[in-house]
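Enquirer: My questions will all concern the structure given below.
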Amino acid sequence: MRILGIDPGFERLGIAVLEKTKGKKKPFDKAQDKEQVIFSECFKTSSKLDFSERLRLIGEEVKKIIREYKPEVLAIETLFLNTNQKTVMRVAETRGVIVYEGAQARLRIFEASPPQIKMATTGYGRANKTQINKMVKILVEIDNSKKSDDELDAIAIALTAFAHLKV
């Protein structure tokens, strides 16, 4: 199964596509499934562009990734409230574009809160960013030098979907 994990943002969008593959069977052990990152990026939009243009670019990028990698599930982080209401509204609009593209492609939509993501990746619902990033790098093989925080967050969201959907 393939899952498209997205850490929503209008300036930086973490995108990752993970696939669960069969692990090698060891003597006297059952074969274990392993999640594998087949694509990840931090998609950026320029602050010099109108917000509507940034949304269009995000929608086009998500549509392109869906067409190319053919995921079955879109996993996206739910909003968390912060003190900057303008940012919250813009991220909400960005999430709307992303969920729309996933629904248009008939993907199953999985939403996870930050505590759910922390619990699924670290086993602790109040883990910090460093702890999450460290565990993501343990759970899946990735090139550490090329992964931004946004990419690692997208990978964590996809891992959470695998855990909750039990696939």
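Enquirer: Filter segment 104-119 down to residues that are buried (at least 18 other Cβ atoms within 10 Å of the Cβ) and in a loop (DSSP other than H, G, I, E, B), then give me how many there are.
Expert: Final tally of qualifying residues: 1.
Enquirer: Then there's this: Out of (1) at pLDDT 95 or above; (2) in a loop (DSSP other than H, G, I, E, B); (3) open to solvent by less than 70 Å² (accessible area, probe 1.4 Å), the odd one out for residue 10 is which?
Expert: (1)
Enquirer: A further question follows. Return the residues of segment 120-138 that are in a helix (DSSP H, G or I) and surrounded by 18 or more Cβ atoms within 10 Å (Cβ to Cβ); say none if nothing qualifies. Walk me through how you get there before you give the answer.
Expert: Here is the first cut: in segment 120-138, the ones in a helix (DSSP H, G or I) are 120-122, 129-138.
Listed by number, the residues that qualify are 120, 121, 122, 132, 133, 135, 136.
Enquirer: All but one of (1) part of a loop (DSSP other than H, G, I, E, B); (2) among the β-branched types (Val, Ile, Thr); (3) under 14 Å from residue 7 (Cβ atoms) hold for residue 142, so report the exception by its number.
Expert: (3)
Enquirer: Could you please let me know if residue 158 is among the small types (Gly, Ala, Ser), open to solvent by less than 50 Å² (accessible area, probe 1.4 Å), touching a residue at least 24 places away in the same chain (Cβ under 8 Å) and out of contact with any Asp or Glu (no Cβ under 7 Å at 6 or more places or on another chain)?
Expert: yes
The values are calculated or read from the model by the stated rules, or taken from the named source; none is laboratory data. Model, not experiment: these values are computed from the prediction. With ideal geometry, Cβ positions are generated from the backbone for all residues, glycine too; neighbour counts draw on all protein chains shown. Each accessible area value is taken on the protein alone, full model and side chains, heavy atoms only, with ligands, DNA and RNA left out. Shrake-Rupley method; radii C 1.70, N 1.55, O 1.52, S 1.80 Å.
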